[in-house]
Amino acid sequence: MKTFKAFTVACLFLMGCMVAGPGARINFSAIDSYPEGLAYDSLRAVYYVSSARTGTIGTVTPDGEYTVLHADSTLKSTYGLKIHPDGNRLFACVGDANYSRYSTADTYLKMCRLISVDLETGKKLSDVDLSGLLPGKHFPNDLVFDEQQNIYLTDSYAHAIYKITPAGQASVFVKDSQFETEGIGVNGLVYHPDGYLLVDNSNTGQLYKVNMKQPQYVQKVAANQFFLGADGLLLNAADTLTIVVNGGNDKIFQLTTDDNWKSSRLCSTTLLLDRFTYPSTATLNSNEVWVMNAKFNELVDSNAVPSKIFAIQRADFLPVPKRKLK
């Protein structure tokens, strides 16, 4: 009987992988924008999306209506987005790291800014220049707030995390040799209410834990596997983390922990049939995970026709068998 039951469960698992359709999608028209960042506003029932091509920040309704919230060609590119805890402001990472239509020699790989805009008017409220904190190349990629409303921002080319106070004072929070790698390094990050950051590294697929009180002590989160192409992170619960992976993998994974993120294990993943197209970042709408399909693969293909239609896609997860950490 146990053997038959196990066989039945296995068959159902495989049937789910084979016949389940793609997850729900919100298609919207934003010609040549290539959105990277994504944030859901439950108060206004809209998604905010950034743009690697133009820097424009827009809103997308659940019905797929796109509207420009803030546009300024000096922004070059916008990446990670987060709504301030007060619910009135949207913060955005601004740089010129890769695909901007407005790129110049003065800004390419040099710009590193954090701006905020009013969610009602779209007017820019603040603009902090971070480019002088460290020498070399810059790629402001993602940000997160702590409980005191300090902002932490990853610079993927400087291999560092910056801290910006509510008053706009900026400093290097941590720059660790473990972060250093060729190309894009530290990327997505989340704040854990127990007093630390979790941050991933796109090039190595490694997840790190950074103590807020002692940021000089960076710990690797032990895992059964690495997630090369890791991008956005989303903390679903104290013990559950969503990680967006692109660069050929194009899947969304969920990790869990039994020891406060000293280690982690894979607990669920999206289906192959979901067909994400270079997913970048994720946001929560109620308890659902929604993901931005950035389509950056088109931007490195000289034969590709610039997209007019982009999609915010729901991530539907399937549990995976538990494996012991090696």
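Okay, here's what the table says:
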quantity: Square roots of 5 times each gyration tensor eigenvalue, C-alpha, region 180-253, largest first, Å; calculated: 20, 15, 10
quantity: Inter-centroid distance (Cα atoms) of region 196-242 relative to region 52-119, Å; calculated: 25 Å
quantity: Estimated distance in nm for a label pair at Gln148 and Arg275, the labels positioned 7 Å out from Cα along Cα-to-Cβ; calculated: 4.9 nm
quantity: Proximal aspartates and glutamates to Lys175, defined as alpha-carbon separation beneath 12 angstrom and excluding residues fewer than eight positions away on the same chain; calculated: Asp155
quantity: Cα-projected label distance for Ser302 with Asn211, points at 7 Å along beta-carbon direction, nm; calculated: 5.2 nm
quantity: Neighbourhood net charge (12 Å Cβ-Cβ; Lys/Arg +1, Asp/Glu -1) for Asn203; calculated: -4
quantity: Shape call, region 158-209: gyration tensor on alpha carbons, a/c limit 1.5; calculated: oblate
quantity: Packing-based order for 173-183, 309-319, using average beta carbon neighbours within 10 Å, highest first; calculated: 309-319, 173-183
quantity: Within-12-Å neighbourhood charge of Arg101 [Cβ basis; K, R +1; D, E -1]; calculated: 0
quantity: Additional length obtainable on full extension of the chain from Asp176 to Asp259, 0.36 nm per residue less Cα span; calculated: 27.5 nm
quantity: Net charge contributed by nearby residues that have their C-beta within less than 15 Å of Ser116 (K/R +1, D/E -1); calculated: -2
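No value in this document is a laboratory result; all are computed from the given coordinates. Please read these numbers as outputs of a predicted model, since none were measured by experiment. Don't worry about glycine lacking a Cβ; one is built from the backbone with ideal geometry, like all the others, and counts go over all protein chains shown.
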